[in-house]
Amino acid sequence: MANKTLLVAQREYLENIRTKTFWIGILAFPILIAISLGAGYVLAKLKQTQAYAVVDLGNSSADGGAASGLAERIEKQARSGDMAALARLLASDQELPGAMAEIAKDLGDQLAPLRGKAGDDPAVAPPEVPDDVREKLFERLQKLPADSLQRLMQEQQAMATAKRYQRRSLAELGLAELPPTEQQQRLGQMVQKGELFAYFVVGAAPNERLDDFRYVSNNFTDNSLRDWYGTAATKVVQRLRLAEAKIPASVAQRLREEVAFRAEKADKDGKTSVVTAADKGSGFAPMAFVYLLWIAVITAAQMLLTNTVEEKSNRIIEVLLSSVSPGQLMQGKIWGIGATGLTLTISWAVCALLGIWVAEWLLPGTDLTALAAAKDPLYLASFVVYFLLGYLLYAAILVGLGSVTNSLKEAQNLLQPVFVLLIIPLVSMMFIVQEPNGLVAKVLSYVPLFTPFIMMNRAGGPPEVYEYVITTLLLLASVWLAFRFAGKIFRVGVLMTGNPPKLKEILGWLRQS
Amino acid sequence: MEHALRLQSVTKRFGSFTAVDALSLEVPKGCIYGFLGQNGAGKTTTIRMVMSIFHPDSGTLSVLGHPDAAQVKDRLGYLPEEKGLYKKMKTAEIVAYFGKLKGMDRSTANLKAKELLTRYGLGDWLDKRCEAMSKGMGQKVQVLGTIIHEPELVILDEPFSGLDPVNRDLMRDLILDMKRQGRTVIFSTHGMEHAEQICDFVMMIHKSKLQFAGTLSQVKQGRDLGIQLDYDGDGSVLQRLPGALRVNDHGKHAEIFLRQGQDPQQALRWLIDHVVVKRFDYREPSLHEIFVRTVDEANQKLAAAGMER
């Protein structure tokens, strides 16, 4: 008898596997994810360069005071960023926080030319930092724990994007000889025509007042150029003012330092260690799994529903029922499509692992430890188990619903409440990742409809063993119950035509043995 | 005589509606048995009970000698009224699948499916998907799926509906072949001419109750003889035929029943005067007439019973 269930399951499986749509579905999901990941990167690359010009009001004033060449200084600051400053800092005799001291030690001799000359006198231009030192520094910074030096890394990113910003000199534009008001008028016209993205006006007396610093552009949404140039200008102006007040650079550095708590975790002996990117990743990995689980369960259950309704509407069901019992037919369908879903999810998992592997190979420098959780066999195994149990529960519900409807449209209407329920594990996802052992997480774990998603979600916690045991038992019991009920509804519903039965009638079927 | 199927006062209710009411019936082995009745009369429900898709509320069933039809499912073949196939499956696959569901082993079913399809003119379609076939071809494939496992009892629900004359003949030959091989065939139909041509036995069910059952001659025995008339001319005059009780006018053919004691010779004389008579036959009524009259009488009885109440 079980043989017939197997036959039905086998047919369902083969039929699904053989369709093109199935394979498109298998490939589409990872491709979509790869595209959405790559799209941000590509879009950023594709952004057009933004041309800008600078009118330096200070240059035109004859006195050539402190502000003379201000625009040039800002430009230099913006282009080289704080990486040079950091190199100088590392070369100085100051006491450095752990991670930075290590970098200083590693770079060793390369910093020598900078050493000792870390001038306190702002009037003397600091020594140039060689490009290779800057690049090494760059590399090292990327490997630092996520929290430390965050600000520096942000700046570093701003520098990387700086290639997008292209300065056009006034001479190049043929405006060098004109008076500033006329320069601005002409630049304004160029901005209006789109020949320039923007122009800056740098004030004449940055030590006294900053209200004549202006940014003129007709693009009101993309402020990145303004922020990038503004940050550099702020630093230059600060330096000028410090010099005026005769405050040494080292003092200023100390004054500007921010308190950044270093994130650490504690083990059972009370020892602490720095929180790495991988740690953070493993905290969030369950979310990815829950999302994948959700999609997999929904996809498979939907497949089953469509299949049941189609089979019912094309009347083949009666032929089948003359050979197999309704129970065999229902279970054959559920298992066959479950196997299809499992193939789908396993393919996705393999795609993900391959993707990580390829990424590690293509981008050897990047740190993918955050993705390590995806390779954890415990995660993968629990994923498969929760998929199966979750699928079986929803499958039983959907096959019961599907069997009483005559068209997909009717079925969709009946499905709506089920989907409303299914939103709960999605909206609570972020919350539960943050509080994996909180009250909400615990309570929701015991609702069988949510158990697979919530328990997967809590994996970072992790929950107590007894919780795993009880929730799984509850889930198994509900699967069993759902199968029984669905079987009774299926037996009667699948041959019904005409109006879908009323709830009262369905309850009547359930009472019949 | 051994029976392929025996029903004893079988009743099936759906809620307050009685679909089959105390039906008793015997289908001898090796015969062709026709189930007649209007749409919704209870034929399909009866068949579904035989196939153990439904279970009777009361009464007993014996299918191939077993009280539980589920036990002999593999020895039965069933073609439901609503015919459907898996559109994406290839014809040979689906026929073989039906065979496997009936317990045939894989290789035998695959071989047999190809052989049957080839024998019935679908050899070019073995590897084509069902969705590409016409309705008639699809129906043929389905019938082959019904008989691939060589069932002892075959039940066909409306096998002739939707078929063109060539395929109807093919279906008829198939049914006759099965009888020749010693199988029992039950089929339901609205086409009285089919029933009359090929059935050994017929039964009629109306509003869930059995009206009559037996061999064709048993059913016709004792019924009023009638005039079978082929004619040319204005058929409306036939209604004025003196002594006529009922006239079923089909335009070129008419079936006329006379009142008790009326002479068919006189009627013939009158007919010759009014229309061009091409054929005149005085004999037992057609199954069509019996069917229509049974429905009429049963409805009148029901109406009368309603009045009394």
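The values are calculated or read from the model by the stated rules, or taken from the named source; none is laboratory data. Since the structure is predicted, the reported quantities are computational estimates derived from the model, not experimental observations. When we count neighbours, we look across all protein chains shown, and the Cβ atoms used for this are built from the backbone with ideal geometry, even at glycine. SASA here: full protein model, heavy atoms, side chains in, ligands and nucleic acids out. Shrake-Rupley method; radii C 1.70, N 1.55, O 1.52, S 1.80 Å.
Which number in (1) surrounded by fewer than 16 Cβ atoms within 10 Å (Cβ to Cβ); (2) more than 14 Å from every other protein chain (Cβ to nearest Cβ) marks the one condition that B:I175 misses?
(1)
Name, by its number, the condition in (1) open to solvent by 10 Å² or more (accessible area, probe 1.4 Å); (2) closer than 30 Å to B:F54 by Cβ; (3) modelled with pLDDT of 85 or more that does not hold for A:R315.
Against the list (1) open to solvent by 10 Å² or more (accessible area, probe 1.4 Å); (2) closer than 30 Å to B:F54 by Cβ; (3) modelled with pLDDT of 85 or more, A:R315 comes up short only on (3).
Say we look at the stretch B:106-149 and pick out the residues that are within 14 Å of chain A (Cβ to nearest Cβ) and of a type in the set (D, E, K, R); which of these is surrounded by the most Cβ atoms within 10 Å (Cβ to Cβ)?
By that ranking, first place goes to B:R129.
Taking B:Q8 as the residue in question, decide whether it is within 17 Å of the chain's Cα centre (by Cα) and polar (S, T, N, Q). Walk me through how you get there before you give the answer.
Numbers: within 17 Å of the chain's Cα centre (by Cα): no; polar (S, T, N, Q): yes.
No; evaluated as a whole, the condition is false for this residue.
Just one of A:L225, A:L210 is out of contact with any strand residue (DSSP E or B) (no Cβ under 7 Å at 6 or more places or on another chain), under 30 Å from A:V54 (Cα atoms), touching a residue at least 24 places away in the same chain (Cβ under 8 Å) and of a type outside the set (D, E, K, R); which is it? Don't jump to the end; show me each part of the working.
Values: A:L225 fails: out of contact with any strand residue (DSSP E or B) (no Cβ under 7 Å at 6 or more places or on another chain).
That would be A:L210, the only listed residue that is out of contact with any strand residue (DSSP E or B) (no Cβ under 7 Å at 6 or more places or on another chain), under 30 Å from A:V54 (Cα atoms), touching a residue at least 24 places away in the same chain (Cβ under 8 Å) and of a type outside the set (D, E, K, R).
Please state which one of B:K88, B:K112, B:K100 is assigned to a loop (DSSP other than H, G, I, E, B) and either in contact with a helix residue (DSSP H, G or I) (Cβ under 9 Å, 6 or more places away or on another chain) or among the basic types (K, R) (or both).
Values: B:K112 fails: assigned to a loop (DSSP other than H, G, I, E, B); B:K100 fails: assigned to a loop (DSSP other than H, G, I, E, B).
Just a single option satisfies the conditions, and that option is B:K88.
What are the pairs, 6+ residues apart or on separate chains, where a residue within the stretch B:285-300 that is under 14 Å from B:M203 (Cα atoms) has its Cβ under 7 Å from a residue that is of a type in the set (G, A, S) and open to solvent by less than 20 Å² (accessible area, probe 1.4 Å)?
Here the result reads B:L287/B:A195, each pair linking the stretch B:285-300 to a residue that is of a type in the set (G, A, S) and open to solvent by less than 20 Å² (accessible area, probe 1.4 Å).
Of B:D74, B:D57, B:D68, which residue is within 13 Å of chain A (Cβ to nearest Cβ) and closer than 16 Å to B:L156 by Cα? Lay out the reasoning, then the answer.
On the way: B:D57 fails: closer than 16 Å to B:L156 by Cα; B:D68 fails: closer than 16 Å to B:L156 by Cα.
So the residue among B:D74, B:D57, B:D68 that is within 13 Å of chain A (Cβ to nearest Cβ) and closer than 16 Å to B:L156 by Cα is B:D74.
Taking the conditions exactly as written (within 29 Å of the chain's Cα centre (by Cα), over 16 Å from A:Y52 (Cβ atoms) and either assigned to a strand (DSSP E or B) or of a type in the set (V, I, T) (or both)), does A:V259 satisfy them or not?
Details: within 29 Å of the chain's Cα centre (by Cα): yes; over 16 Å from A:Y52 (Cβ atoms): yes; either assigned to a strand (DSSP E or B) or of a type in the set (V, I, T) (or both): yes.
The answer is yes for A:V259.
So, of the residues in the stretch B:82-102 that are in contact (Cβ under 8 Å) with a residue 40 or more places away in the chain and more than 8 Å from chain A (Cβ to nearest Cβ), which turns out to be most open to solvent (accessible area, probe 1.4 Å)?
B:K90
What single numbered condition from (1) out of contact with any strand residue (DSSP E or B) (no Cβ under 6 Å at 6 or more places or on another chain); (2) among the charged types (D, E, K, R); (3) surrounded by 20 or more Cβ atoms within 10 Å (Cβ to Cβ) fails to hold for B:D157?
Condition not satisfied by B:D157: (1).
Of the conditions (1) free of Cβ contacts under 8 Å to residues at least 40 places away in the same chain; (2) within 13 Å of chain A (Cβ to nearest Cβ); (3) not basic (K, R), B:I47 fails just one. Which one is it?
Of everything listed in (1) free of Cβ contacts under 8 Å to residues at least 40 places away in the same chain; (2) within 13 Å of chain A (Cβ to nearest Cβ); (3) not basic (K, R), B:I47 misses just condition (1).
With respect to B:K73, is the statement that it is open to solvent by 10 Å² or more (accessible area, probe 1.4 Å) and in a loop (DSSP other than H, G, I, E, B) true? Working first, answer last.
Values: open to solvent by 10 Å² or more (accessible area, probe 1.4 Å): yes; in a loop (DSSP other than H, G, I, E, B): no.
So B:K73 fails the test.
The rows are residues; the columns are (1) assigned to a helix (DSSP H, G or I); (2) within 14 Å of chain B (Cβ to nearest Cβ); (3) not β-branched (V, I, T).
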position	(1), (2), (3)
A:I298	yes, no, no
A:T306	yes, yes, no
A:E311	yes, yes, yes
A:E318	yes, yes, yes
A:V324	no, yes, no
A:W335	yes, no, yes
A:G338	yes, no, yes
A:S347	yes, no, yes
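So which helices (runs of 4 or more DSSP H) are wholly in the stretch B:190-309 and hold at least 3 residues that are polar (S, T, N, Q)? Don't jump to the end; show me each part of the working.
Working: elements: B:192-198, B:216-220, B:264-274, B:287-308.
Per the criteria, B:287-308.
State yes or no: is A:I74 surrounded by 16 or more Cβ atoms within 10 Å (Cβ to Cβ), away from every other protein chain (no Cβ under 14 Å) and either modelled with pLDDT under 80 or in a helix (DSSP H, G or I) (or both)? Let's see the steps before the verdict.
Details: surrounded by 16 or more Cβ atoms within 10 Å (Cβ to Cβ): yes; away from every other protein chain (no Cβ under 14 Å): yes; either modelled with pLDDT under 80 or in a helix (DSSP H, G or I) (or both): yes.
Yes, satisfied.
Does B:F35 count as farther than 29 Å from B:E289 by Cβ and open to solvent by less than 60 Å² (accessible area, probe 1.4 Å)? Before the answer, list the steps.
Details: farther than 29 Å from B:E289 by Cβ: no; open to solvent by less than 60 Å² (accessible area, probe 1.4 Å): yes.
Criteria not met by B:F35.
Considering only the stretch B:157-167, state which residues are within 13 Å of the chain's Cα centre (by Cα) and among the charged types (D, E, K, R). Show your work before the answer.
Applying the first criterion (within 13 Å of the chain's Cα centre (by Cα)) to the stretch B:157-167 yields B:157-161.
Matches in the stretch B:157-167: B:D157, B:E158.
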